[in-house]
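> Can you read through this structure? Questions will come right after.
The values are calculated or read from the model by the stated rules, or taken from the named source; none is laboratory data. Note that this is a predicted model, so its numbers are computed, not measured. No Cβ is skipped: glycine too gets one built from the backbone with ideal geometry, and neighbour counts run over all protein chains shown.
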Amino acid sequence: MRYAMAIDTKKCVGCSDCVVACQTENNVPHGYCRDWVVEVMDGTYPNLELEIRSERCNHCDNSPCVRCCPTGASHYEAGGIVTVTANECIGCGACIESCPYDARYSHPDGYVDKCTFCLHRVEKGEKPACVSVCPTNCMYFGDLEDPDSDVSQALQNRKYKTLAPEAGTKPQIYYLI
Amino acid sequence: MKEEIFVSGRNIPNIDPFLHIWHWQIPLYLFLGGLAAGIMFFASLYTILGKEKEMPTTVKWAVFLVPAALVLGLFALFLDLKHQWYFWRLYLTVRFESPMSWGAWVLMLITPLSMMWVSSYIKELYPKWDWKFEILNKFEKLIIEYRKSLAWALLILSVILGIYTGILLSAFNARPLWNTAILGPLFLVSGLSTGAAAIMWMSKSHIERSFMSKVDLILIGIELFFIIHLFMGFMASTAVQINAAELFMGGQFTVSFWVFVVILGLVFPAILEILELRGYKIPVAIPALLILFGGLMFRFIMVEAGQITRYLY
């Protein structure tokens, strides 16, 4: 099993519903966020190209945050989901320094916090909060090893990219382009 | 032109717009760890070589700084933790992939061992010193008897500690400025050089001082070579590392790095040391202080600048 997400940059309108859904679902403290929306404008007028991306932890296959964690608080859950055990975390910041996506932050309570792919929902067979609220249905979640899953289907007929693959992290959020 | 903005809004403390998770505590600790490693390295090396008589400050007196620096450094590290009262979690696992984990274990070993070393010389410093308990007297005799073995252990541990301060940073591939294999050796040499400077400063014997001054000159030479090597490597590397090097070549760290670290912290004290060896009267405190100051600045700048560098996508 390998959980992954595919996000269609052609369908995303940048409404930030995913961000609000996450903050509500996971009780994210005020002023913080586990996911965010980026708008990239490329080119010079009138030849402009716009890409809108909903970004979050990439739940990398080769996670530098898991490697650098001195206590093992950062770890892989079943299906490759990367999470932090709060009462094993010492708040040293090594994982935050090691993430090329700046997807982690220091929770006001001291431990390090991040996107969990809504593990508590996934375990019950539900989709992550961000995916389930998306009004344009531009996000697909599921098991990459299952050819019939939403994410495998979405990746089958489209070109896609990952963010900073040169960092060697093998990210598992795929952007359809 | 490429322009990227957060449309959902994102202003996480210490992450946006630039990463600033590590503040003064980490560079201070890296400096103190390097200094302790440097002094301990020379003390154990000259004990193994049987030069206690010729190098009394190195072997006996400067070592008193080692446990002090380590304890202070550990305290700085503790202050840096955001989930402080879980710090003991560090000592429930050994994770070889994580430099911070084995670094914590090395500190756990070298701190008590260096304290043992110091305790075996304390009676020479304070002749009236009394251990009060017979068992401590026996323990002291045991340490004195096995001093050579202790020196070997501390020699190896001090090299690991010195190189660890650099590897801690170089393990983070997300920060292109740190992600270079030369950083470990560079921090080790810089730590040895600050250690030599501290010994030089404390020593009252002219022979010992001029010897350490020569050692320090060689170390400064190696350090300058490594710094050139570091930037050559960056300039021949990928876009993110070229950007990292540009912070020091016209960017915001140009003046602080080249003036305070390279010129005032390395080149100028080296010139003073050469003049002193040629017979000019120069108070040893000046080059020693400059080297210590340069070492401290070097770590502050590297930690600060490294956190600004990142991957682009």
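> So which of B:Ile12, B:Ile26 is within 14 Å of chain A (Cβ to nearest Cβ) and outside any helix (DSSP H, G or I)?
Selected residue: B:Ile12, the only one of B:Ile12, B:Ile26 that is within 14 Å of chain A (Cβ to nearest Cβ) and outside any helix (DSSP H, G or I).
> Of the numbered conditions (1) within 14 Å of another protein chain (Cβ to nearest Cβ); (2) assigned to a helix (DSSP H, G or I), B:Lys82 satisfies every one except a single condition; which is it?
Tallying (1) within 14 Å of another protein chain (Cβ to nearest Cβ); (2) assigned to a helix (DSSP H, G or I), B:Lys82 fails exactly one: (2).
> Mind listing whichever residues of region B:3-34 are surrounded by fewer than 16 Cβ atoms within 10 Å (Cβ to Cβ) and at positive phi?
B:Gly9
> Are there any pairs with C-beta distances below 6 angstrom linking a residue in region B:284-313 that is within 14 Å of another protein chain (Cβ to nearest Cβ) to a residue that is assigned to a helix (DSSP H, G or I) and among the β-branched types (Val, Ile, Thr), with the two at least 6 apart or on different chains, and if so which?
Matching pairs, first to second residue: B:Val303/B:Ile26; B:Tyr311/B:Val240.
> A follow-up question, please. Answer yes if at least one residue in region B:49-57 is at positive phi and either facing chain A (nearest Cβ under 10 Å) or of a type outside the set (Ser, Thr, Tyr) (or both), and no otherwise.
yes
> Identify, from the list A:Glu39, A:Glu49, the residue that is over 15 Å from B:Tyr86 (Cβ atoms), part of a strand (DSSP E or B) and facing chain B (nearest Cβ under 8 Å).
A:Glu39
> A:Arg158 passes all but one of (1) part of a helix (DSSP H, G or I); (2) under 12 Å from A:Ala6 (Cα atoms); (3) of a type in the set (Lys, Arg); which number fails?
(1)
> Follow-up question, since we're still on this one. Quick check on my filter: what residues within region A:17-51 are closer than 19 Å to A:Ile177 by Cα and without any contact (Cβ under 8 Å) to a residue 60 or more places away in the chain?
Of everything in region A:17-51, those that are closer than 19 Å to A:Ile177 by Cα and without any contact (Cβ under 8 Å) to a residue 60 or more places away in the chain turn out to be A:Trp36, A:Val37, A:Val38, A:Glu39, A:Val40, A:Met41, A:Asp42, A:Gly43, A:Asn47, A:Leu48, A:Glu49, A:Leu50.
> Continuing with this model, one more query. Hey, among the residues in region A:26-66 that are of a type in the set (D, E, K, R), buried (at least 19 other Cβ atoms within 10 Å of the Cβ) and in contact with a helix residue (DSSP H, G or I) (Cβ under 7 Å, 6 or more places away or on another chain), which one's nearest to A:His120 (Cα to Cα)?
Out of the qualifying residues, it is A:Arg34.
> So which residues in region A:74-99 are more than 7 Å from chain B (Cβ to nearest Cβ) and either within 21 Å of A:Pro165 (Cα to Cα) or touching a helix residue (DSSP H, G or I) at 6+ places or on another chain (Cβ under 7 Å) (or both)?
A:Ser74, A:His75, A:Tyr76, A:Glu77, A:Gly79, A:Gly80, A:Ile81, A:Val82, A:Thr83, A:Cys95
> For region A:1-54, name all the residues that are farther than 27 Å from A:Ala78 by Cβ and aromatic (Phe, Trp, Tyr).
Matches in region A:1-54: A:Tyr45 only.
> Continuing with this model, one more query. Taking the conditions exactly as written (surrounded by 14 or more Cβ atoms within 10 Å (Cβ to Cβ), part of a loop (DSSP other than H, G, I, E, B) and in contact (Cβ under 8 Å) with a residue 40 or more places away in the chain), does A:Thr116 satisfy them or not?
Yes; evaluated as a whole, the condition is true for this residue.
> Cβ-Cβ distance below 6 Å, separation of 6 or more or different chains: which pairs start in region B:119-130 with a residue that is in contact (Cβ under 8 Å) with a residue 60 or more places away in the chain and end on one that is of a type in the set (Lys, Arg)?
Hits for this filter: B:Tyr121/B:Lys60.
> Quick one: in region B:134-172, which of the residues that are among the small types (Gly, Ala, Ser) and part of a helix (DSSP H, G or I) is surrounded by the fewest Cβ atoms within 10 Å (Cβ to Cβ)?
Applying the filter and picking the extreme gives B:Ser149.
> Right, next: Among (1) assigned to a strand (DSSP E or B); (2) farther than 21 Å from B:Val7 by Cα; (3) of a type in the set (Ser, Thr, Tyr), where does A:Ser54 come up short?
Only one criterion is unmet by A:Ser54, namely (2).
> Being closer than 21 Å to B:Ser101 by Cα and of a type in the set (Lys, Arg) narrows it down to one residue among A:Arg67, A:Arg53; which is it?
A:Arg67
> Against the definition (modelled with pLDDT under 95, surrounded by 18 or more Cβ atoms within 10 Å (Cβ to Cβ) and either within 14 Å of chain B (Cβ to nearest Cβ) or touching a Leu at 6+ places or on another chain (Cβ under 6 Å) (or both)), how does A:Asp102 come out, yes or no?
In short, yes.
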